[in-house]
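Values quoted throughout were computed directly from the atomic coordinates according to the rules given, and no laboratory measurement underlies them. In this text the structure is predicted, and so the values were computed from the model without any measurement. Here Cβ is always computed from backbone atoms with ideal geometry, including for glycine, and neighbour counts include all displayed protein chains.
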Amino acid sequence: MSRMHPVQVIAVTGGKGGVGKSNTSINLAIGMAELGRRVVVLDADLGLANIDVLLGITSRRTIADVLSGECSLREVLVDGPGGIKIVPAASGTQKMTALSPMEHAGLINAFSELGDNIDVLIVDTAAGISEGVVSFLRASQEIVMVVCDEPTSITDCYALIKLLNRDYGLYRFRVLANMVKTPQEGRHLFAKLTKVTERFLEVALQYVGSIPFDEAVKKSVQRQRAVVEAYPRSKAAIAYKSLAQKADSWPLPASPRGHLEFFIERLVQA
């Protein structure tokens, strides 16, 4: 495996369920693939697979088979829309939510096989603030916090940023406002969040824009398709594509830390 190929690892999180993380992960992935990147989405909601449900994909094998040594990660990869590849989580397998350090290591090791065939890895994390979520976030190079305009979303997002900052020294977070009625609402939401973080934490939050509330998203979920693919001219699809262009211009890691094996090592150390 060449050690010279940097991979952009973007984790999508939000502190709570229902804020649109999985939709963001999928649409961002397809948007980046449209720009010519080779993108893999890791459904890291290990106990409750979301992405295959959202896209109507049935996978014969899951990450559980890789951990048990039955197959390689390549055999688990599923083709998703727009040329993306998906690593399906094991739905409802309780065991997956409590991986031992050894199994975590196995999972991560499996990923280094992919290193040369991938430009971007998007990690769709579980909701909440579990150890598993934190270990994926600590290992990722970019963290996108998805927030929507409701008090619990803001407080949960703040709690997660605080934990990652105080306990793990992470200080750079990108914030995406989801399901907003107007672009102003998104900026206002970001301002609310920065108001508390600036008072209590030493962090740098960057606003990456907003995704408008759009019936097309609901319709595409019902059709088990991604909105950028099902309704490419919808407001939400246009916003996701613009997010993909931004993400594509984020600096690639120059240090060896940016390679997939380092993502993996950091994940295991966690």
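Contact order for the stretch 108-175, expressed relative to its length and based on alpha carbon pairs under 8 Å spaced 6+ residues apart, stands at 30 percent. Taking trypsin sites (Lys or Arg not before Pro) across the stretch 38-79, the ones in a DSSP loop with at most 14 further Cβ atoms lying within 10 angstrom of their Cβ are R60.
Local charge for A230 was computed over the other residues whose Cβ lies under 9 Å away, with Lys and Arg +1 and Asp and Glu -1, and equals +2. Normalised by the number of residues in the stretch 8-269, the average gap of Cα pairs under 8 Å and 6 or more apart makes the relative contact order 27 percent. Modelled this way, with points 7 Å down the Cα-to-C-beta line, the labels at E198 and L252 are 3.5 nm from one another.
Annotation: peptides 179-186, 80-87, 7-14, ranked by per-residue average of other Cβ atoms within 10 Å with the highest first, follow the order 7-14, 80-87, 179-186. Computed from backbone phi with θ = phi - 60° and the Karplus coefficients 6.51, -1.76 and 1.60, the 3J(HN,Hα) list for the stretch 135-145 is 5, 5, 5, 5, 7, 7, 8, 10, 10, 9, 8 Hz; x is used for glycine and proline.
Applying a threshold of 21 Å to the alpha-carbon distances of K16/K218; K219/K241; K162/K235; K192/K218; K85/K219; K181/K235 flags K162/K235; K192/K218; K85/K219 as lying beyond it. Taking amide H positions as placed 1.01 Å from N in the peptide plane, with prolines and chain starts having none, which residues 5 or more places from Y207, or on another chain, fall under 5 Å of its amide H? Answer set, sorted by chain and number: V175.
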